[in-house]
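None of the figures in this text is laboratory data; all of them are computed from the coordinates on show. In this text the structure is predicted, and so the values were computed from the model without any measurement. When we count neighbours, we look across all protein chains shown, and the Cβ atoms used for this are built from the backbone with ideal geometry, even at glycine.
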Amino acid sequence: MQIKHYKHSEIDFKKWNAAIDSAINGLVYAKSWYLDIVSPNWEVLIFGDYEFIMPLPVKNKFGIKYLVQPTLTQQLGVFSRKPINKKAVDLFIKNIPYFSYELNLNEQNRTSCVKQNSLNLLLDLSTEFSELEQSFSKNTIRNINNAKKNGLTITENFSSNEFLDFYFGTEVNFSKPNRLITEKLINKAVENQAISIFAAKNQNNQVVAAFCLLKSGKRLINLLPVSNDEGKRTSAMFLLIENAIELHSGSNKTLDFEGSMIEGVARFYKGFGAKEKFYPLIKRFRPNFLIEKL
């Protein structure tokens, strides 16, 4: 297997996007429009005529090129319309042209180079809602009822500007992504009809929680969920997730919760019946001076 390295200017983007669209493990994170925003000047490794491909999210610091997982991008790795075995993934990793890297591969990638396996949580939406809700935990049902008792309502097609103002205007106990990158990504996704935005509002029509569903083939990816203090108190996110499940139940879609390795967050998503799926992290020589905080 001869793998070639191409700089950004050498990529055939039409072939690249077609390869991602037809891949058995294709993800929106690897589409050119997405990578152009989260990792400008990304490069690639390619085998054959875009038969097997791997994006390289390149950064440059002090004249040193290195690879790091971009913001708002849970998984990358090797993609193909054909089955991907461990030997192929290992060979792609061996051909990474830069010494320092820290990358998340995808759920279909298996490798002997794995540093750790990270948790993702997925919910198959192929059955009807009446069956899906039977897998909800007692705590989840109690919180959904609390949201309804508090008179919360769901707004679909929430505007991107309103969402961004609410997201970045809400105090949270986690670090938020860079606002400019997030704005570009959300607005481009809206332009590409690749996202739906939902909000939960109280009886005074005030937003108390919101989140996005990023469309990725048969996946709907839970992106940028946020609740203010009132939203947390009234269990607004439980109602938002329930609404998304009901809206897409009986489809061929999968709801991708994007993890998490945080126990409380994982418990929240598992309460809707989500199942565990793991993806590998690979890492080589990532010194502190190459760690950039976004």
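Quick notes
- Relative to the longest principal axis of the Cα atoms of the chain, helix 236-248 runs at roughly 70 degrees.
- Rounded, prolate or oblate (a/c below 1.5 giving rounded, otherwise prolate when a/b exceeds b/c) for the stretch 1-135 by Cα gyration tensor: prolate
- Using alpha-carbon coordinates, inclination of helix 179-191 to the longest axis of the chain, degrees: 80 degrees
- Between the helical axis of 138-149 and the longest alpha-carbon principal axis of the chain there is an angle of about 60 degrees.
- Loop trypsin sites (Lys or Arg not before Pro), the stretch 189-252, which have at most 14 other Cβ atoms in a 10 Å radius of their Cβ (DSSP): K218
- Fully extending the segment from D36 to E230, taken as 0.36 nm per residue of separation minus the present Cα-Cα distance, adds 66.2 nm.
- The stretch 113-179: trypsin sites (Lys or Arg not before Pro) in DSSP coil with no more than 14 other Cβ atoms inside 10 Å: K115
- Projected label distance in nm at S112 and F174, using a 7 Å step from Cα toward the beta-carbon: 3.6 nm
- Taking D124, D90, D229, D256 and counting other C-beta atoms within 10 Å, the order from fewest to most: D229, D124, D90, D256
- Over 21 Å apart at the Cα level, from the set K215/K275; K82/K188; K115/K176; K232/K277, are K82/K188; K115/K176; K232/K277.
- GluC sites (Glu not before Pro) within the stretch 1-78: DSSP coil, no more than 14 neighbouring Cβ in 10 Å: E51
- Anchor K201: aspartates and glutamates whose Cα lies under 16 Å away (excluding residues fewer than 8 positions away in-chain): E156, E162, D165, D229, E230, E242
- Candidates N106, N117, N205, ranked by Gaussian network fluctuation over the chain, Cα under 10 Å, top entry: N205
- Here r is the Cβ-Cβ distance between N192 and F285 and R0 is 51 Å; the resulting FRET efficiency, rounded to 0.05, is 0.90.
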